[in-house]
Amino acid sequence: MPAAINSGDRKILLIAGAVLFVLTMGLALLGTDPAGQGMEVPSTYSAGPGGARAAYLLLQELHYKVSRWERSPAELPGEPENSVLILADPWEPPTKEELKALKRFVENGGEVLFTGARIETYFPKANVKGFSSRDPRTFSADVPSNYTAGAAKISLETSAVWRKPTADVLPLYGDEESPVVVSWRVGEGRILWWAGATPLTNSGISSEGNLNFFLDAVSSTRPGEERSLRIYWDEYFHGERTSLWSYVHRTPVAWGLLQISILGLIVVFTFSRRSGPMVMPPVVSRLAPLEFVDTLGGLYERAGAEPAVVGFVYQRFRATLSRQLRISSSVSDTELADAVQSRLGWKESGLKTTLARALVASRAKKVPPEEALELVRQLEQYEEQLGLKKKIAKEKS
């Protein structure tokens with residue numbers, strides 16, 4: 001029979017478990033990010049009406065190189081050409097070093113998209129006038145430009161206007177003397193200012209021409225280079241760096257918690273091994289996975305099922321690609337290949353030929369094994385290049 005734990009040992013275990021639980025829950029509660037606390041800021045973590053999670057996920061879906069930035073601006077790339085920094089209604093003031101880092105980022109060729117009335121705190125040369133009105137309004141484009149090409153009208157909940165633009169400031173939307181969207185150059189880079197974050201919020205991105213306006217804002221200054229563009233979406237000035245864990249992980253407390261956790265697991269494991277039920281070990285199959293693959297391959301070879309194999313891979317490729325492009329699965333191979341070129345910027349000209357050969361092979365009575373293997377390899381290579389492998393693996397799981 002397993003040895004019983006005396007009352008003293010049981011009390012020690014209970015106290016240690018309670019302390020570990022309190023510390024773990026304290027870290028979880030105090031380290032919660034602002035978006036998780038329901039704050040109406042355009043954070044990429046927030047799925048509320050004023051959050052920006054939808055815009056962030058949209059950029060990922062469109063294969064932009066976008067990532068959340070939760071570190072100081074001083075750690076931004078030293079050569080920011082072809083990079084965009086999004087500062088969506090930031091509310092924590094920057095330090096002097098961070099001000100210099102932001103200025104250096106733009107002067108060295110970076111692009112900044114800033115929304116809200118606090119721009120003067122981050123770029124002191126800006127000249128805006130804030131007010132309390134938050135009613136949404138529709139604004140028409142003042143001048144044709146890369147920023148306004150796809151959005152003749154936009155909807156904004158403004159909290160500020162620009163005061164009498166100078167010659168180096170280009171008004172894009174709003175009154176000539178008090179625009180709500182402006183752009184100006186700083187060194188080798190450029191700053192785009194919006195009076196409100198509405199076009200990138202979950203509730204406002206679908207209004208008027210806001211979606212096109214948002215996409216133009218992050219890519220129109222580099223036409224034809226969208227795929228190489230690097231977008232940093234700032235969460236640092238939304239307070240992400242102020243969680244308790246961001247402080248604790250630089251102190252010995254983190255290692256102490258890890259040691260306590262390991263000690264607790266050892267105690268629980270030791271006790272459970274002595275007190276748990278008897279369990280028979282699992283029976284390991286004598287057949288290795290590769291044996292199954294060889295057996296299945298032999299069956300296909302003897303049955304002459306090369307057309308069926310090619311047909312399965314061909315149909316899977318078409319179905320997955322159709323869902324990726326949000327088009328009907330009944331479109332022809334030519335229309336599918338054209339959609340890949342127009343929507344994803346795909347330059348590979350052999351896709352149409354491969355799809356046509358695969359269709360013919362899948363309907364043939366007999367296909368040489370070498371040709372079938374070549375077609376399957378080509379289709380799987382296209383799956384890898386078009387990012388379909390992850391989607392197929394997710395569907396299988």
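The values are calculated or read from the model by the stated rules, or taken from the named source; none is laboratory data. Keep in mind the model is a prediction, meaning the values are calculated, not measured. FYI the Cβ positions are ideal-geometry reconstructions off the backbone, even for glycines, and counts take in every protein chain you see. The area values use the complete protein model at the heavy-atom level, side chains included, leaving out ligands, DNA and RNA. Shrake-Rupley method; radii C 1.70, N 1.55, O 1.52, S 1.80 Å.
Points to keep in mind about this one:
- Per-residue SASA entry for residue 162, accessible area with 1.4 Å probe, Å² rounded to 10: 10
- Environment charge at residue 205 (Cβ cut-off 15 Å; Lys +1, Arg +1, Asp -1, Glu -1): -3
- Label separation (residue 166 vs residue 230): 3.1 nm, computed from points 7 Å beyond Cα along the C-beta direction.
- For residue 233, residues with placed amide H under 5 Å, excluding near neighbours: 67, 68, 69, 86
- Estimated at the nearest 10 Å², the accessible area of residue 330 is 100 Å² with a 1.4 Å probe.
- Alpha-carbon gyration tensor eigenvalues x 5, square-rooted, for the stretch 87-155, Å: 26, 18, 9
- Exposure ranking of 215, 229, 62, 263 by accessible area [1.4 Å probe, largest first]: 263, 62, 215, 229
- The residues of the stretch 47-165 expose on average 50 square angstrom of accessible surface per residue, using a 1.4 Å probe on protein heavy atoms.
- By accessible area with a 1.4 Å probe, ligands and nucleic acids excluded, highest first: order of 176, 61: 176, 61
- Treating r as the C-beta distance of residue 364 and residue 62 and R0 as 35 Å, the FRET efficiency rounds to 0.40.
- With a simple spin-label model that places each label point 7 Å from the Cα along the Cα-to-Cβ direction, the separation between residue 18 and residue 371 comes to 7.8 nm.
- Just the protein heavy atoms count here, and of the accessible area of the stretch 109-207 at 1.4 Å, carbon and sulfur take up 48 percent.
- When 79, 384, 70 are compared by accessible surface with a 1.4 Å probe, the order from highest to lowest is 79, 384, 70.
- When the surface is traced with a 1.4 Å probe over the full set of protein chains, residue 120 keeps roughly 70 Å² accessible.
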